[in-house]
Amino acid sequence: MDRVEDTVLGLPPYLPGSPRFEPLLTTADPRPTLHRYLDIYCEAAELDRERARRWTQAGAVREALLARHSREPARLVRAFDTLTVALA
């Protein structure tokens, strides 16, 4: 990490390919689990679920494009693609 914006309070940035989310991204159909996580988060944060889903999907699309542009590992690009499709 060589840019300040790559960290938050000295922690590495979130990566969807982290071991914690690996089962979600390697399952045949991540949609049920992903939507359950989104429901839990939106309820706890008192957010509009549909709006949060669309913003999350837009972020996944952006990250997929940036990962391709930066020539990130294919595994990371697939993870963002999986999130994008699962949130459709």
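Considering the stretch 18-79, the qualifying helices (runs of 4 or more DSSP H), each wholly inside and each with 2 or more residues that are of a type in the set (D, E, K, R), run over 31-45, 49-69.
Of Leu24, Leu34, all but one fail to be at pLDDT below 90, within 12 Å of Ala88 (Cα to Cα), in contact with a helix residue (DSSP H, G or I) (Cβ under 8 Å, 6 or more places away or on another chain) and not β-branched (Val, Ile, Thr); the exception is Leu34.
Taking (1) surrounded by fewer than 10 Cβ atoms within 10 Å (Cβ to Cβ); (2) modelled with pLDDT of 90 or more in turn, Thr84 satisfies each apart from (1). Looking at the stretch 38-50, can you tell me whether even one residue there is closer than 16 Å to Thr84 by Cβ, basic (Lys, Arg), surrounded by 10 or more Cβ atoms within 10 Å (Cβ to Cβ) and modelled with pLDDT of 90 or more? Scanning the stretch 38-50, I find no residue that is closer than 16 Å to Thr84 by Cβ, basic (Lys, Arg), surrounded by 10 or more Cβ atoms within 10 Å (Cβ to Cβ) and modelled with pLDDT of 90 or more, so the answer is no.
The values are calculated or read from the model by the stated rules, or taken from the named source; none is laboratory data. If you're wondering where the values come from, they're calculated on a predicted model, not measured in any experiment. Ideal geometry is used to build each Cβ from the backbone, glycine not excepted, and the neighbour counts take in all protein chains shown.
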